[in-house]
Amino acid sequence: PTFTLSYTATDSVGNWLSWQPLDQATSHVQVPVTLTFELVPHWLPWSEGPATVRILGTLHGPGGKPLADAPAWLRLRANERFVGYVHDLGGNSGEFETGVIDFAWTFIPAQLISEPGSLPLCLEFDVGLFAPQKVTRILELTSAVYLPLVFKGSGP
């Protein structure tokens, strides 16, 4: 007799792992995920001082649910250079939830790009059995604009 064995295991939040034989080899199917994010604001002045941009988005598994109760690690790259990690953990008033990205990233633009221009920011997710994701957004670093100050009034 000949038989074929395959299985799919699903956890309590809907993540799944599938295994099946393929011509004397095995196949592991990765759990699909969806990673999204935006930059707020999407432009900042280029400078040698600190600047802050908010990274807002989501990391969800099947059915639009968070991957787990514990936050996941997302690699942050600026101009293809690793600059740190971000969690999929966000919330208000001390109540946090996984699957929501809300991170204020402070950096020095001149350390990442030598002059005003476009700075690609990429979030990468690649953990275990989940399907890897890589999403890039562009942060525009503009020339600083200095407005003249004119004081009107009577002098001493």
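The values are calculated or read from the model by the stated rules, or taken from the named source; none is laboratory data. Note that the coordinates shown come from a computational prediction; the quantities given were computed from them, not determined experimentally. We place every Cβ from the backbone using ideal geometry, glycine too, and count neighbours over all the protein chains shown. Surface accessibility is based on the protein's heavy atoms, side chains included, excluding ligands, DNA and RNA. Shrake-Rupley method; radii C 1.70, N 1.55, O 1.52, S 1.80 Å.
Within segment 76-111, being part of a loop (DSSP other than H, G, I, E, B) and closer than 23 Å to ALA51 by Cβ holds for ASN79, GLU80, ILE108. For segment 59-73, indicate whether the set of residues that are of a type in the set (Lys, Arg) and touching a Phe, Trp or Tyr at 6+ places or on another chain (Cβ under 9 Å) is non-empty. No. Residue pairs whose Cβ atoms lie under 6 Å apart, sitting 6 or more positions apart in sequence or on different chains, and linking a residue in segment 77-97 that is surrounded by fewer than 17 Cβ atoms within 10 Å (Cβ to Cβ) to a partner that is not in a strand (DSSP E or B), are ASN79/LEU112.
Scan segment 100-115 and give yes if some residue there is open to solvent by 20 Å² or more (accessible area, probe 1.4 Å), of a type in the set (Phe, Trp, Tyr), closer than 15 Å to PHE37 by Cβ and modelled with pLDDT of 95 or more, otherwise no. So far as segment 100-115 goes, yes, one or more of its residues are open to solvent by 20 Å² or more (accessible area, probe 1.4 Å), of a type in the set (Phe, Trp, Tyr), closer than 15 Å to PHE37 by Cβ and modelled with pLDDT of 95 or more. Beta carbons closer than 8 Å, at least 6 apart along the sequence or on distinct chains, pair a first residue in segment 118-142 that is farther than 21 Å from LEU67 by Cβ and open to solvent by 20 Å² or more (accessible area, probe 1.4 Å) with a second that is in a strand (DSSP E or B) and polar (S, T, N, Q) for PRO120/THR136; ILE138/SER118; GLU140/SER118.
A quick yes/no check of all residues on (1) closer than 16 Å to LEU89 by Cβ; (2) at pLDDT below 90; (3) open to solvent by 60 Å² or more (accessible area, probe 1.4 Å); (4) under 15 Å from the mean Cα position of the chain (by Cα):
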position: GLY14; (1), (2), (3), (4): no, yes, no, no
position: LEU22; (1), (2), (3), (4): no, yes, yes, no
position: HIS28; (1), (2), (3), (4): no, yes, yes, no
position: VAL33; (1), (2), (3), (4): yes, no, no, yes
position: LEU39; (1), (2), (3), (4): no, no, no, yes
position: GLY57; (1), (2), (3), (4): yes, no, no, yes
position: LEU67; (1), (2), (3), (4): yes, yes, no, yes
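Inspect segment 120-133 for any residue being out of contact with any strand residue (DSSP E or B) (no Cβ under 9 Å at 6 or more places or on another chain) and not in a loop (DSSP other than H, G, I, E, B) and give the result as yes or no. So far as segment 120-133 goes, no, none of its residues is out of contact with any strand residue (DSSP E or B) (no Cβ under 9 Å at 6 or more places or on another chain) and not in a loop (DSSP other than H, G, I, E, B).
Confirm whether THR58 is polar (S, T, N, Q), within 21 Å of VAL31 (Cβ to Cβ) and in contact (Cβ under 8 Å) with a residue 12 or more places away in the chain. Taking the combined requirement at face value, the residue satisfies it.
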